[in-house]
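The values are calculated or read from the model by the stated rules, or taken from the named source; none is laboratory data. Remember, predicted model here, so these are calculated numbers, not experimental data. Glycine also receives a Cβ, built like all others from the backbone with ideal geometry; neighbour counts cover every protein chain displayed. The area values use the complete protein model at the heavy-atom level, side chains included, leaving out ligands, DNA and RNA. Shrake-Rupley method; radii C 1.70, N 1.55, O 1.52, S 1.80 Å.
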Amino acid sequence: DSGMGTWWPRLFPTDAEAFDGLVRFQAHYRNAIRTRQLLRVADHPVLSHGASFFMSMNVGVDGSRLLPPFMPVLRRQDSVFARLLNVCFGPSFIGYPPWAVGHYAPSRKAWERKSKVLAVGPLSTAGILEFIVEARGDEPYGDQPAENLVSLGRYLVAVAAGPVHHFGARVRGICMQALETRTRVLQQVILEKVDAPRFWRDDAKQVTANHRALMRGQDTCLPHDLPGSPLDRLAMLQDLTALFGRLLMEWPRIWEQAEQEALLDELLMGHSQ
C-alpha cells in the first residue's frame, strides 16, 4: 500500500520515459493513477544528490555528524526532515539500494476514486511548514549547517510572533504564493506536452482547476490535521511553528551535548571492562 496522502503528482512524472509509459495506453493510465499498490524501488544501487524522495519507514542515516531534527509531531515528519537537509546542509547525498519494504495496510481498498486522485488539498501542518521554510528562499544560507539551523529557527519564531490574526495573514500569503507558483508550473508542463493524449490533458487541467479552487477556499491555509475550530487550528499551528523554530535554534547545542554524553558512556564502559 502506497500510504500516499496526495495522488495528483502521479500525473506529472519528471522522467520522459516514465511519462510516455504512463500515457501510452488509456486503460493502463486509468489503473496506474488509481491503484494503491505501488512498487517504488531502485533496480540497482543509486547515489542521488539531495533528498528529493525520502521516506523514514525504511531509512538509515549517518549520525557521525550533525543532522536536522525530525518534526516531533504529526505526519510527513520525513518530508520536513528532507526539506531541512536540503536547505540547511548544502551538498548532501541519499543512497537507494535495490531493496523494498512491504507496507500492508489491512483496512484499505486497493483502488481510489478518480476524484480523489485529482483532488488537491486540504493542506497539512507539515505541508504548510514546508511552504514557510521555502518562503525564506531569498535569504541565502551559509556553508555551516549548525548556523543555518539556528538562522532558520529564528525565522520560524519571527513568522509565528505577534497576534494570531497577523500570523494567519502571513501564512495565508505564503501559502497563496506557493500554490500560485505550483499552478503556473503545472500549466507550463501541460503546454509543453503538446503530443500528450487528450485523456491525460483533461485530467491535468482538472488538477490545475482544483488548485485554483483550493486557493479560493476560506480555510485553505488552516491545517486539516489539527483539531478544533478554525481559530483553534490557526493558534495551534502558530504554537507549533514557534516551538519547532526554538527546537532548531537549540538543536546544534543539543546534538553536541548528546555527542559528549555518548563519548563519556563509551569511556566509562571501556574503563569498567
Tally, over the range 110-120, of residues that are open to solvent by 60 Å² or more (accessible area, probe 1.4 Å) and touching a residue at least 40 places away in the same chain (Cβ under 8 Å): 4
Residues (in contact with a helix residue (DSSP H, G or I) (Cβ under 8 Å, 6 or more places away or on another chain), open to solvent by 50 Å² or more (accessible area, probe 1.4 Å) and assigned to a helix (DSSP H, G or I)) located in the range 202-229: LYS205, ARG212
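Could you pull out the residue among ALA196, ALA235 that is open to solvent by less than 50 Å² (accessible area, probe 1.4 Å) and more than 30 Å from ARG75 (Cβ to Cβ)?
On the way: ALA235 fails: more than 30 Å from ARG75 (Cβ to Cβ).
Every option except ALA196 fails the conditions.
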Checking LEU191 against (1) crowded, with 18+ Cβ neighbours inside 10 Å; (2) without any contact (Cβ under 8 Å) to a residue 24 or more places away in the chain; (3) closer than 21 Å to ALA16 by Cβ, the condition it does not meet: (1)
Members of the range 40-82 found to be acidic (Asp, Glu) and open to solvent by less than 90 Å² (accessible area, probe 1.4 Å), listed by number: ASP78
Of residues in the range 23-39 being in contact (Cβ under 8 Å) with a residue 60 or more places away in the chain and in a loop (DSSP other than H, G, I, E, B), the one least open to solvent (accessible area, probe 1.4 Å): ARG36
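How many of the residues making up the range 1-17 are surrounded by 11 or more Cβ atoms within 10 Å (Cβ to Cβ), within 17 Å of ALA204 (Cα to Cα) and out of contact with any Gly (no Cβ under 9 Å at 6 or more places or on another chain)? It would help to see each step written out before you state the result.
The initial filter retains those residues of the range 1-17 that are surrounded by 11 or more Cβ atoms within 10 Å (Cβ to Cβ), namely 1-13.
Checking which are within 17 Å of ALA204 (Cα to Cα) leaves us with 6-13.
If we keep only those that are out of contact with any Gly (no Cβ under 9 Å at 6 or more places or on another chain) as well, we get 7-12.
Counting residues in the range 1-17 that are surrounded by 11 or more Cβ atoms within 10 Å (Cβ to Cβ), within 17 Å of ALA204 (Cα to Cα) and out of contact with any Gly (no Cβ under 9 Å at 6 or more places or on another chain) gives 6.
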Every residue from the range 27-52 that is at pLDDT below 90 and touching a helix residue (DSSP H, G or I) at 6+ places or on another chain (Cβ under 8 Å): GLY50, ALA51, SER52
Residue, farthest from GLY142 (Cα to Cα), within the range 96-109, restricted to residues that are surrounded by 11 or more Cβ atoms within 10 Å (Cβ to Cβ) and not aromatic (Phe, Trp, Tyr): ARG108
Any hit, the range 105-128, residues being touching a Pro at 6+ places or on another chain (Cβ under 7 Å), of a type outside the set (Lys, Arg) and not in a loop (DSSP other than H, G, I, E, B): yes
Number of positions in the range 79-120 that are under 17 Å from the mean Cα position of the chain (by Cα) and among the basic types (Lys, Arg): 1
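Can you tell me how many residues within the range 121-145 are more than 24 Å from TRP8 (Cβ to Cβ), open to solvent by 80 Å² or more (accessible area, probe 1.4 Å) and within 22 Å of the chain's Cα centre (by Cα)?
Start the filter on the range 121-145 by keeping residues that are more than 24 Å from TRP8 (Cβ to Cβ), which leaves 136, 138-145.
Of the ones still in play, those that are also open to solvent by 80 Å² or more (accessible area, probe 1.4 Å) are 138-140, 143-144.
Next cut, within 22 Å of the chain's Cα centre (by Cα) only: 138-140.
Final tally of qualifying residues: 3.
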Check on ASP20, surrounded by 16 or more Cβ atoms within 10 Å (Cβ to Cβ) and either among the charged types (D, E, K, R) or assigned to a loop (DSSP other than H, G, I, E, B) (or both): no
